[in-house]
Every structure is written in structure tokens, then in C-alpha cells.
1. Mind listing just one residue for me: the one in region 259-283 that is surrounded by fewer than 16 Cβ atoms within 10 Å (Cβ to Cβ) and more than 21 Å from GLY323 (Cβ to Cβ) and, of those, nearest to the chain's Cα centre (by Cα)?
2. Out of region 256-273, which residues are in a loop (DSSP other than H, G, I, E, B) and not small (Gly, Ala, Ser)?
3. For the subset of region 68-110 comprising residues that are over 20 Å from HIS207 (Cα atoms) and among the small types (Gly, Ala, Ser), which member is surrounded by the most Cβ atoms within 10 Å (Cβ to Cβ)?
4. Being surrounded by 12 or more Cβ atoms within 10 Å (Cβ to Cβ) and acidic (Asp, Glu) is the filter; apply it to region 289-312 and report the residue that is nearest to the chain's Cα centre (by Cα).
5. Just the residues that are of a type in the set (D, E, K, R) and touching a strand residue (DSSP E or B) at 6+ places or on another chain (Cβ under 8 Å), please, taken from region 181-228.
6. Where the second residue is small (Gly, Ala, Ser) and the first is closer than 18 Å to LEU312 by Cα and lies in region 222-251, which pairs have Cβ atoms under 7 Å and are six or more apart or on separate chains?
7. Please specify each residue of region 285-327 satisfying the condition of being touching a Ser or Thr at 6+ places or on another chain (Cβ under 7 Å) and among the acidic types (Asp, Glu).
8. Answer yes if at least one residue in region 196-205 is under 24 Å from THR271 (Cβ atoms), of a type in the set (Asp, Glu) and free of Cβ contacts under 8 Å to residues at least 12 places away in the same chain, and no otherwise.
Amino acid sequence: MGDPSNGTHLLLLSLFVRTFGSALSFLSDKSAKIFVAGHRGLVGSAIVRKLRHLGFTNLVLRSHLELDLTRQNDVESFFATERPQFVILAAAKVGGIHANNTYPADFISINLQIQTNVIDSSYRHGVSKLLFLGSSCIYPKFAPQPIPEDALLTGPLEPTNEWYAVAKIAGIKMCQAYRIQYNWDAISGMPTNLYGPYDNFHPENSHVLPALMRRFHEAKVKGAKEVVVWGSGSPLREFLHVDDLADAVVFLMESYSGLGHMNVGSGKEVTIKELAELVKDVVGFEGKLVWDTSKPDGTPRKLMDSSKLATLGWTPKISLRDGLVDTYKWYLENVEQ
């Protein structure tokens, strides 16, 4: 049997947080203990950079080796010991189409375990506010464009990433359920396509922007005369620099407390052809671009409606060109050795 007084303390602490937590300002106390889950990834590392830049001095960071978020007892013990005041949940198992099709059980089970353990332990150990981060893939395959938040659960998902998407939808609903039942301040943000430092530049498993950057760089180094790109170049895509997302995360933690999840996008579209030409220019590849139109284009358009966030007062600051220059500089310093 555990100490009953400890349970009473937890109950009183949680009651205080549920009553007064949403009134606490995120930015007012730079010594507040903040747990950033997934701090080594593309998103988590950007959030850590942003928080440190703002002067936060008490970040709680754990690598996967130090804390396996899929293990309930380990997560419970961590929260009981550390007692963070704020939690930003950026940890997830992520991957492209091939990985999702090959390991569907991993994508649904690992993400569900991470979310359930962190969200539940956060609530029960008195965390004032939690932000859960998802992905634009939560929306139906044929959602209206631009995609509003209320398009969620209005149609079938894209089959190639439904396992990951179902887990992320469950995370949104879990935050909403804890808010409804316990009046606890758990919110969700859904970013669009992200890029920037610490992106995945793997030659086969990376997304379109880092893949193009690597291919143009390697072609430049080899002195190749052309680079072949799949499709027609006509599909429209939206991109957001991960440092802009980190800025939005801080804004949401400070300024938003509501039941609905919030889209976080740039609001600007670019064709894959325009993107390829821009990456080619930033990298300095002077050869020719060849489009292999026998290969599929994918979804014609995928744009998120981020007007709700804009109405609250947040808009992105980093242009696509500036963001690409920044990303290529990081690539040269960290990937291309």
C-alpha cells in the first residue's frame, strides 16, 4: 500500500491546477519546469531552441534511452519525480509511405502508447497545461481545400498513412476528453508540412523538400548535367519552417485554451515545380531539371486553413526562400561531411 497522504496531495494539486491552471501565464515564469517530449527530433529540437532563446532555464529533456515513453511505469515514475509544470508533446514515431505500409502495427501502437502515457501522467501529476502536436494527415483524403479544423472525421483517411493518422486523432480526442471530464487545460496543434534543421535527409525515406535538397546537392558535387524529378510538378503543397512552428507553439501555450484543435500552417502554396526550382537555386545546381511524367503526382492540392490561429494573432515570419537557405546551411554543416 502506498502512502495515502501522497494520494491526497496529488488530488489537491490536480484540483488546484484544474481550477487555476489556465490562468497561469506560460511566458511569465522563465524558471517554470517544462518537459519537451521528443526534444531530439525536427519539431522538438526547434521548440527547445525557441524556449532557450526566450530565456527559459528549467527544461526537462530525456532521450529515448533515458526514458522510453511507451513504458507506462517509467513515464509514471518520471512524472512523479520531476513534476513538470508544462508539457509539450512532440514525441512520435514518424515515417513515410513505405514505412507506414511496412510497419502499421508499430505506427498505431507506439504512438498510442506514447500519447496515452504522457497525457494521463501529466494530468494526474498536476501539470498546468499540455500541448499535443499532431499532423495534417489527420484529415480525410478528400477534405475540402483549404482544410478547416472541422473537416476532421468527415471522410476516409489516406490509406497510406491511416495507422499514424488514427493514433494522432486519438491524441486530439484524448486531450478533449480530459478537458471535458476534468476541466484540464490540454490543447492540440496540427502543423502542415514542416522542414528545417534536423530534418530527415535520407535518400529514400525523406519527404519531398529534404529529398530535393539532397539530390540537387549531390548532383552539384558530382557535376551532373541533369536531375530527374518524379511527376509533372503541378501539385500544390504548403510548407512551414520548423522555427515558425516553435514560435506558434509558444503562442498557443500562452494565448490559447480551448476544446478544438488548431491548424498551424503558412497559408501559402507552391507547386512542386516552383519548389524544385527554388531548391535548385538555393543549392546552386546549374544543370537541367527533367520531369518524369510517367511517375505519379500524388494529391493535387493540400493546404490547411489556419485562419483561426491568424485571428488569434499569430502568423508565420520565415519566407520559403529564407527557410531553404537556413536549412541548406544546416545540411552542409551537419549532414554533408
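1. Start the filter on region 259-283 by keeping residues that are surrounded by fewer than 16 Cβ atoms within 10 Å (Cβ to Cβ), which leaves 259-260, 268, 271, 274, 277, 281.
Next, from what is left, pick out any that are more than 21 Å from GLY323 (Cβ to Cβ): 259-260.
On the way: LEU259: 19, GLY260: 17 Å.
Within region 259-283, the match that is nearest to the chain's Cα centre (by Cα) is GLY260.
2. Filtering region 256-273 down to residues in a loop (DSSP other than H, G, I, E, B) leaves 256-261, 265-268.
Across region 256-273, the qualifying residues are TYR256, LEU259, HIS261, LYS268.
3. Among those that are over 20 Å from HIS207 (Cα atoms) and among the small types (Gly, Ala, Ser), it is SER109.
4. By that ranking, first place goes to ASP305.
5. In the first step, residues of region 181-228 are kept if they are of a type in the set (D, E, K, R); the result is 185, 199, 204, 214-215, 218, 220, 222, 225-226.
Within region 181-228, ASP185, ARG215, LYS225, GLU226 meet the criteria.
6. The qualifying pairs are LEU245/ALA46; ALA246/ALA46; ALA248/GLY189; VAL249/GLY189.
7. ASP297
8. No.
The values are calculated or read from the model by the stated rules, or taken from the named source; none is laboratory data. From a predicted model like this one, the values you see are computed outputs, not experimental measurements. Every residue, glycine as well, gets a Cβ built from its backbone with ideal geometry; the counts of neighbours run over all protein chains shown.
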